[in-house]
1. Taking the Cα centre of the chain as origin, sum charge times position over the Cβ atoms of Lys and Arg (+1) and Asp and Glu (-1), and report the length of that vector in debye to the nearest 20.
2. Carbon and sulfur atoms: what percent of the 1.4 Å accessible area of the stretch 228-302 do they account for?
3. What list of ³J(HN,Hα) couplings, whole Hz, do you get for the stretch 107-115 from phi and the Karplus terms 6.51, -1.76, 1.60, once you set θ to phi - 60° and write x for glycine and proline?
4. What is the stretch 40-124 by shape, rounded, prolate or oblate, if you read a ≥ b ≥ c off the alpha carbon gyration tensor as root eigenvalues and call it rounded for a/c under 1.5, prolate for a/b larger than b/c, and oblate otherwise?
5. Show me the ranking of peptides 248-255, 51-58 by mean Cβ neighbours inside 10 Å, starting with the highest.
6. Summarise the accessible area of the stretch 4-49 (1.4 Å probe, protein heavy atoms) by the percent that is carbon and sulfur.
7. Counting only protein heavy atoms and a 1.4 Å probe, tell me what percentage of the stretch 128-192's accessible area is made up of carbon and sulfur.
8. I'd like the Kirkwood hydrodynamic radius of the stretch 1-146, using the inverse of the mean 1/r over distinct C-alpha pairs, in Å.
Amino acid sequence: MTEKNLPPFQSEFLKPKYWGLWLALGIFRLILCLPYSCLVILGKSLGKIFVKLKFGQRRMAIAKRNLALCFPHYSESQIEHILRENQDSIGMAIIETGMAWFWSDKRILKWSKIEGLEHLNNQPAGAGILLVGVHFLTLELGARIVGLHHQGIGVYRPNDNPLLDWIQFRGRVRSNKAMLDRKDLRGMIKALKAGETIWYAPDHDYGRKNSVFVPFFAVQETCTTAGSRMLLRSASNSVVVPFTPMRNADFSGYTVKISPAVDFSQCENDIDTATKMNQLVEKEILKAQSQYMWLHRRFKTRPNESDPSLYY
């Protein structure tokens, strides 16, 4: 699978209903031409605006609850500190998505470095790689950075807006091979069997269907996809390699850390596989805790429909 299979431009995109989006996109691309130091200031400002909006306040309340559930031993001040840093990351995520989709390769390489690339390049010939990239707010940019050194195939949810989907798709294959719908399990298995690298993020709550309930940090029964087991069982030539895209603490750029492959061969069922995958995800999150997407209601699905919600 070497062709990008870019979706064709549609004449529909030129209709008046899309003019506002085209204008916003043009302004955004002009903003992205600013020096990185200016983009950092803008990103932090967007984070401050976000937490003042009603939607943002609701999401930050979810983030606070997630942190309290995952780390019950943390003090209130520890959680507040993480939330303050997470606020900056939320604003920066908007800027970093634009950087990932529109910056040149040269500019991306100038502001990034990658560690542990040998864990991707030194795998056995023909082995498929399940590249686990959990939902950090820097994930879009991290995928672009890794793709400049080792191309892979992304897994995503198509956007309901066809123009946004077209822009998103083209942005995400700037330095990678192709994109697959996250529901296309058959396509993922086929790619892994062909020795491709598949971007895979198993750390969200996708509902009770095809999921199991296993520990995630201090939450003992967390809805976790059972798809990992199916992928690894169907593509037995595959290895699991995690990576973490981190924004440097001093805002001097980005460091992507690729970890050694994790052995899942002793996992005998969905429960074992999901438990081990969650342990892998936990380890990666702790490398850049305040840059993780805590805004998502990770624990919305409970083991029984009658169980009370963990969110107030």
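The values are calculated or read from the model by the stated rules, or taken from the named source; none is laboratory data. On a predicted model such as this, the values are computed, not experimentally measured, just so you know. Cβ sites come from the backbone with ideal geometry, for glycine too, and all protein chains shown count toward neighbours. With ligands, DNA and RNA removed, areas are computed over all heavy atoms of the protein, side chains included. Shrake-Rupley method; radii C 1.70, N 1.55, O 1.52, S 1.80 Å.
1. Details: 41 positive and 28 negative charges, 186 e Å.
My answer is approximately 900 debye.
2. 47
3. Per-residue couplings from phi come out as 6, 4, 5, 5, 9, 9, 9, 10, 10 Hz.
4. oblate
5. Working: 248-255: 13.8, 51-58: 11.4.
Result, highest mean Cβ count within 10 Å first: 248-255, 51-58.
6. So the carbon and sulfur contribution to the accessible surface is 74 percent.
7. Working: 1090 of 2370 Å².
Taking all protein chains in place, the stretch 128-192 shows 46 percent carbon and sulfur surface.
8. In the stretch 1-146 this quantity evaluates to 18.6 Å.
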